[in-house]
């Protein structure tokens, strides 16, 4: 035992030795990994050993590729300029081949497991674990007759859920974006810590959050071959619409009944909300406006309004848009307690313009809503963390 204790001390000293400069291992690293590293200005330093490689690039998905420099020891290194705070995907490109960083945990994004790095935002603690009561994150499996398959979802149960067995809770259905999955709001978005902190401060009501797998095919339906089909092509749009409709039916006919039957929910529209980021925001608007009998709180994070946000030259006709639900703004305001839309100021121009145009249409049409812009962030998790921080306190009050 004494030898084991000594070995553990030596191992700990090796793996967690402080570096000689201001760079420190990123919080998203696997245990003991010294790289990648970040400093107080937001710069990130990367290293990978590839002694036989002839060219290695650092592929930061939200920034240009950086050429890495090879050292005599066979390690390639690169240091970025200051990055926008928050979570960022990246990988290495070694002689033209994409390679994940063994020093980083894997995060599902871009349709695959990828490396990721967290750049701290100075002074921002709302998405970090604190000394407050913490809720529980659980995984569930439910069978869907819509898809003819077992489906997976993530749940956040608020602090005290297992102890206060007579208490019932409102529910927020919170959706991920395209290329990501139901784990994203926990692993990349820190939704559980955001809610823990909001609930502890008395800012938000205790609530259950359900994060569903956003892709669906009807039972017996075969995935179409979209190889070589560009985004926006008729084949691509048809496939997306079919998937969206299948997801809508799965959520409303299978998942919501399962949640209400197996967890202590307040199972009515006044205590049910839905929001989502990007693709999940589009899904939210489709599902909620088609089922206003089920939802009374609606949030679109960089994805409100469906495809109309991408057609920024078009101005929605609120008399006919969303099944005509907004034709009478006063009646809509009585039925829907919150309509919330948000976007990052640095998002792709067409996306930003489309959501601003939707906001302007709501304003001109006297549709009561909340509009929020995340300063300095693009189509990324820091935008959506801020969105949730603003959105959640407005629910179920």
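The values are calculated or read from the model by the stated rules, or taken from the named source; none is laboratory data. Since the model is a prediction, treat every value here as computed from it, not as a measurement. Cβ sites come from the backbone with ideal geometry, for glycine too, and all protein chains shown count toward neighbours.
The set of residues in the range 323-348 being farther than 15 Å from residue 383 by Cβ and under 27 Å from the mean Cα position of the chain (by Cα) consists of 336, 337, 338, 339. Tell me whether the range 217-233 contains one or more residues that are over 21 Å from residue 335 (Cβ atoms) and under 18 Å from the mean Cα position of the chain (by Cα). No: zero hits. Scanning the range 99-113 for residues that are in contact (Cβ under 8 Å) with a residue 24 or more places away in the chain and either not assigned by TED's automatic domain parsing to the domain that holds residue 32 or not in a strand (DSSP E or B) (or both) yields a count of 6.
Restricting the search to the range 272-286, which residues are closer than 12 Å to residue 252 by Cβ and either out of contact with any helix residue (DSSP H, G or I) (no Cβ under 9 Å at 6 or more places or on another chain) or surrounded by fewer than 24 Cβ atoms within 10 Å (Cβ to Cβ) (or both)? Matches in the range 272-286: 286 only. Taken over the range 291-322, the residue count meeting the criterion of being at pLDDT 85 or above, out of contact with any strand residue (DSSP E or B) (no Cβ under 7 Å at 6 or more places or on another chain) and either in a helix (DSSP H, G or I) or on the phi > 0 side of the Ramachandran plot (or both) is 1. State all residues of the range 156-167 that are in a strand (DSSP E or B) and surrounded by fewer than 21 Cβ atoms within 10 Å (Cβ to Cβ); if no residue qualifies, say none. Hit for the range 156-167 is 157, nothing else.
Looking only at residues in the range 114-137 that are free of Cβ contacts under 8 Å to residues at least 60 places away in the same chain and touching a strand residue (DSSP E or B) at 6+ places or on another chain (Cβ under 7 Å), which one is farthest from residue 179 (Cα to Cα)? It comes out as 136. The one condition from (1) in a helix (DSSP H, G or I); (2) out of contact with any strand residue (DSSP E or B) (no Cβ under 9 Å at 6 or more places or on another chain); (3) surrounded by fewer than 19 Cβ atoms within 10 Å (Cβ to Cβ); (4) at pLDDT below 95 that residue 330 does not meet is (4). Hey, any hits in the range 260-271 for a residue that's part of a loop (DSSP other than H, G, I, E, B), crowded, with 22+ Cβ neighbours inside 10 Å and in contact with a strand residue (DSSP E or B) (Cβ under 9 Å, 6 or more places away or on another chain)? Taking every residue of the range 260-271 in turn, none turns out to be part of a loop (DSSP other than H, G, I, E, B), crowded, with 22+ Cβ neighbours inside 10 Å and in contact with a strand residue (DSSP E or B) (Cβ under 9 Å, 6 or more places away or on another chain).
Among the numbered conditions (1) assigned to a loop (DSSP other than H, G, I, E, B); (2) surrounded by 16 or more Cβ atoms within 10 Å (Cβ to Cβ), the only one that residue 118 does not meet is (1). Taking the listed residues 123, 202, 179, the one that is in a loop (DSSP other than H, G, I, E, B), at positive phi and either touching a helix residue (DSSP H, G or I) at 6+ places or on another chain (Cβ under 6 Å) or at pLDDT 95 or above (or both) is 202, with no other qualifying. Among the residues of the range 348-365, the ones that are part of a loop (DSSP other than H, G, I, E, B) and at pLDDT below 90 come to 0 in all. Restricted to the range 141-184, and to residues there that are without any contact (Cβ under 8 Å) to a residue 40 or more places away in the chain and touching a strand residue (DSSP E or B) at 6+ places or on another chain (Cβ under 8 Å), the residue that is nearest to residue 222 (Cα to Cα) is 150.
Answer yes or no: is there a residue in the range 207-226 that is assigned to a helix (DSSP H, G or I), surrounded by 13 or more Cβ atoms within 10 Å (Cβ to Cβ) and either on the phi < 0 side of the Ramachandran plot or not assigned by TED's automatic domain parsing to the domain that holds residue 342 (or both). No, the range 207-226 has no match at all. The number of residues in the range 350-378 that are free of Cβ contacts under 8 Å to residues at least 12 places away in the same chain and either touching a helix residue (DSSP H, G or I) at 6+ places or on another chain (Cβ under 7 Å) or closer than 25 Å to residue 61 by Cα (or both) comes to 1.
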